[in-house]
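Asker: The structure that follows is given in the form of structure tokens.
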Amino acid sequence: MATAVKAVLGITAGALLLTLLAVSGATGLTNGTASGPPASGTAPSPSRKALQDIPYRMLALYRRAAAVCPGLPWTVLAAIGKTETDHARHPHMISTAGAIGPMQFLPTTFRAYAHPVPPGGHTPPTPWDPIDATYAAARLLCAHGARHGHDLPGAIHAYNHDHAYVDQVLRTAATYGARDRIANPGGRDRPPTPQAALAIIYARNQLGRPYVWGGEGPTRNSIGFDCSGLTQAAYAAAGTRLPRTAHDQYRAGPHIPDHARLLPGDLVFYGAPTHVHHVGLYVGAGRMINAPRPRHTVREEPFRFPGDDYLGATRPTLRP
């Protein structure tokens, strides 16, 4: 967490590559590589790079610890472990700023997130123990925006107040998730852009929340969403501001030609140009996440259905 650690590990700044991470609900590791419950909707299978780079015990630990925070992809936790101490391979794990252990905690910061003691952890907990430190890191991230995928970049920035550090962690995390399985099911869709990926991450973490007329979600003191409240919140989590209503979101564009192929992250609309009454977030493979109507919950379903009045789609990621 200390800037000095980044210098020791030779970390460089790069363009922000916000990862695909949790675009799909793929679960589990292949061939029994690791065990432990995955966080719902945030458990992409590991890429070949992850299997080669992350020690077996740490890979399993990152997945278990991430599960304490719904919406925290294990790949982000693993990328922090890589960035800080190369998954506890660093010979000293002590920074010039006094941060210690595999996840580089200042002792005072560690104490704020050390409890409850995780299964297999030390009593009393210590930042030198990989189990204690990794669970504490997950709790810190959760407290600063990772819960429900609300603000993953902001959570990482809270871990280390350096934008170059955020870039590095997200870039590494993007290499740890098996993106071909996550974003391209059956080979039918192109992967989402980084911005669209964050919007989909957010939307997936709202599955099961109730439809609420005028609802804008938990960050706006509502237990649920209406259709445009969900899409607005999803893109707000990705750093893009959308108008509030489905009609105004449609007008905001940019519009996709009727013959063009939809991409994950596009918004799909229903109604007429003079009265747009519904919007959903396209996630690929002919499906969308949407808040359909009263007495229903946020769900994923086909975006075309018998009797629909599908109007067209926009691509917010192309907005200036």
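The values are calculated or read from the model by the stated rules, or taken from the named source; none is laboratory data. The structure presented is a predicted model; accordingly, all values stated were derived computationally and were not measured. Every residue, glycine among them, receives a Cβ derived from its backbone with ideal geometry; neighbour counts consider all protein chains shown. Note: accessible area is taken over every heavy atom of the protein model, side chains too, but ligands, DNA and RNA are not part of it. Shrake-Rupley method; radii C 1.70, N 1.55, O 1.52, S 1.80 Å.
Asker: Out of 65, 34, I need the residue that is modelled with pLDDT under 70 and either more than 20 Å from the chain's Cα centre (by Cα) or not in a loop (DSSP other than H, G, I, E, B) (or both). Which one? Before the answer, list the steps.
Answerer: On the way: 65 fails: modelled with pLDDT under 70.
The unique qualifying residue is 34.
Asker: Starting from residues that are of a type in the set (A, V, I, L, M, F, W, C) and crowded, with 16+ Cβ neighbours inside 10 Å, keep the ones in the stretch 296-311 and report whichever is nearest to residue 243 (Cα to Cα). Give the derivation first.
Answerer: Going residue by residue through the stretch 296-311, those that are of a type in the set (A, V, I, L, M, F, W, C) are 298, 303, 305, 311.
This time we only want the ones that are crowded, with 16+ Cβ neighbours inside 10 Å, so: 298, 303, 311.
Values: 298: 20, 303: 21, 311: 18 Å.
By that ranking, first place goes to 311.
Asker: Tell me yes or no: at least one residue of the stretch 176-194 is modelled with pLDDT of 90 or more and touching a Ser or Thr at 6+ places or on another chain (Cβ under 8 Å). Before the answer, list the steps.
Answerer: Residues of the stretch 176-194 that are modelled with pLDDT of 90 or more, as a first pass: none.
No, that holds for no residue.
Asker: For the list (1) assigned to a loop (DSSP other than H, G, I, E, B); (2) within 22 Å of the chain's Cα centre (by Cα); (3) on the phi < 0 side of the Ramachandran plot, I need the number of the one condition that residue 300 fails.
Answerer: Condition not satisfied by residue 300: (1).
Asker: Answer with yes or no whether residue 43 is open to solvent by less than 10 Å² (accessible area, probe 1.4 Å), among the hydrophobic types (A, V, I, L, M, F, W, C) and at pLDDT below 95. Reasoning before the result, please.
Answerer: Details: open to solvent by less than 10 Å² (accessible area, probe 1.4 Å): yes; among the hydrophobic types (A, V, I, L, M, F, W, C): yes; at pLDDT below 95: yes.
Yes, satisfied.
Asker: Do we find a residue being open to solvent by 20 Å² or more (accessible area, probe 1.4 Å), out of contact with any Asp or Glu (no Cβ under 7 Å at 6 or more places or on another chain) and under 17 Å from residue 57 (Cβ atoms) anywhere in the stretch 95-104?
Answerer: No, there is no match, as no residue in the stretch 95-104 is open to solvent by 20 Å² or more (accessible area, probe 1.4 Å), out of contact with any Asp or Glu (no Cβ under 7 Å at 6 or more places or on another chain) and under 17 Å from residue 57 (Cβ atoms).
Asker: Could you run through the stretch 120-172 and say how many residues are of a type in the set (A, V, I, L, M, F, W, C), surrounded by fewer than 19 Cβ atoms within 10 Å (Cβ to Cβ) and assigned to a helix (DSSP H, G or I)? Steps first, answer last, please.
Answerer: First, pick out the residues of the stretch 120-172 that are of a type in the set (A, V, I, L, M, F, W, C): 128, 131, 133, 136-138, 140-143, 146, 152, 155-156, 158, 164, 166, 169-170.
When the remaining residues are screened for being surrounded by fewer than 19 Cβ atoms within 10 Å (Cβ to Cβ), the result is 128, 143, 158, 164.
This time we only want the ones that are assigned to a helix (DSSP H, G or I), so: 143, 158, 164.
The qualifying residues number 3.
Asker: Then there's this: Would you please list the contacts, defined by Cβ atoms under 9 Å and residues six or more apart or on different chains, that run from a residue in the stretch 81-96 that is hydrophobic (A, V, I, L, M, F, W, C) to a residue that is open to solvent by 100 Å² or more (accessible area, probe 1.4 Å)?
Answerer: Listed pairs, sorted by first residue: 93/128.
Asker: Consider residue 51 carefully, then state whether it is surrounded by fewer than 23 Cβ atoms within 10 Å (Cβ to Cβ), in a helix (DSSP H, G or I) and either at pLDDT 50 or above or of a type in the set (Asp, Glu) (or both).
Answerer: Values: surrounded by fewer than 23 Cβ atoms within 10 Å (Cβ to Cβ): yes; in a helix (DSSP H, G or I): yes; either at pLDDT 50 or above or of a type in the set (Asp, Glu) (or both): yes.
Yes: the conditions hold for residue 51.
Asker: Separate question: When you scan the stretch 189-295 for helices (runs of 4 or more DSSP H) that lie fully inside it, which ones turn up with 3 or more residues that are in contact (Cβ under 8 Å) with a residue 12 or more places away in the chain and open to solvent by less than 20 Å² (accessible area, probe 1.4 Å)? Before the answer, list the steps.
Answerer: Values: elements: 194-204, 227-237, 246-252.
Where helices (runs of 4 or more DSSP H) fall fully within the stretch 189-295 and carry at least 3 residues being in contact (Cβ under 8 Å) with a residue 12 or more places away in the chain and open to solvent by less than 20 Å² (accessible area, probe 1.4 Å), they are 194-204, 227-237.
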